[in-house]
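In what follows, a single structure is set out as structure tokens and then discussed.
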Amino acid sequence: MNRNILSLATLLLLAAVSAFAGPANWQISAKCNVTFTGGGEVGGIFKTLKGTIAFDEQNPAASNIDLTIEVASVNTGNGLMNNHLKSAEWLDAAKFPAIRFTSKKIVKAGATYQVTGDLEIHGVKKEVTLPFTFQASGAGGTFASKFSVGRGDFHIGKPGGEVDEQIKLDIKVPVVKK
């Protein structure tokens, strides 16, 4: 009888420790990939993404994500286009040096996840819900997301022209456990 009570107490203690351990902290690799396309020849990458990711596949509600993209790190493969995108007419890197996403809620959605949070671009903050996947691999993994952002929603550029209203983003973030 005492053994059963001791075993039950041990199991309860382990369950309590697991419940309060929280999500794993992930370190973002420098090899992350943030690409965008906006129709025609408009497209490129942002070279600098930083932030914190605390994520638990079994308990996504306890997880959180806080990411920042450095606007000045934009690279289209064309120096003139890079400067134009950084100018006040488009992303205004001098006044708004970062694109930031801060999660509020993460839920499992079938084989993927949905993260709801604040996306701030060009000084405009909007709540958005974005899909993402997580593929574990050893002590690491990769977070990936594909979504579109309306330029007009964030007052980027002028309506019309050669650039689509919807800018498509494709983000791949390799990580390792800290």
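Every read-out reported here was derived from the displayed coordinates using simple, explicitly stated rules and does not represent laboratory data. Nothing here was measured: the structure is a model prediction, and the numbers come from that model. Here Cβ is always computed from backbone atoms with ideal geometry, including for glycine, and neighbour counts include all displayed protein chains.
The table for this structure:
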{"read-out": "Degrees, to the nearest 10: 2-21 long Cα axis against longest axis of the chain", "value": "10"}
{"read-out": "Anchor K31: lysines whose Cα lies under 16 Å away (excluding residues fewer than 8 positions away in-chain)", "value": "K47, K50, K172, K177"}
{"read-out": "Computed helical MRE - 222 nm, the chain, DSSP H runs ≥ 4 contributing -39500 (n - 2.57), nearest 500", "value": "-5000 deg cm²/dmol"}
{"read-out": "Spatial extent of segment 23-177: Rg and Dmax, with the Cα atoms as the point set, Å", "value": "15.7, 46"}
{"read-out": "Förster-model FRET efficiency, 25 Å R0, K47 and A94, C-beta, rounded to 0.05", "value": "0.90"}
{"read-out": "Distance in nm between pseudo-label sites at D170 and N59 (7 Å out along the Cβ direction from Cα)", "value": "3.6"}
{"read-out": "Residue among V124, A30, N59 farthest towards the positive dipole end of segment 23-177, charges placed on Cβ", "value": "N59"}
{"read-out": "Contour minus Cα-Cα distance for H84 and K31 (0.36 nm per residue)", "value": "16.5 nm"}
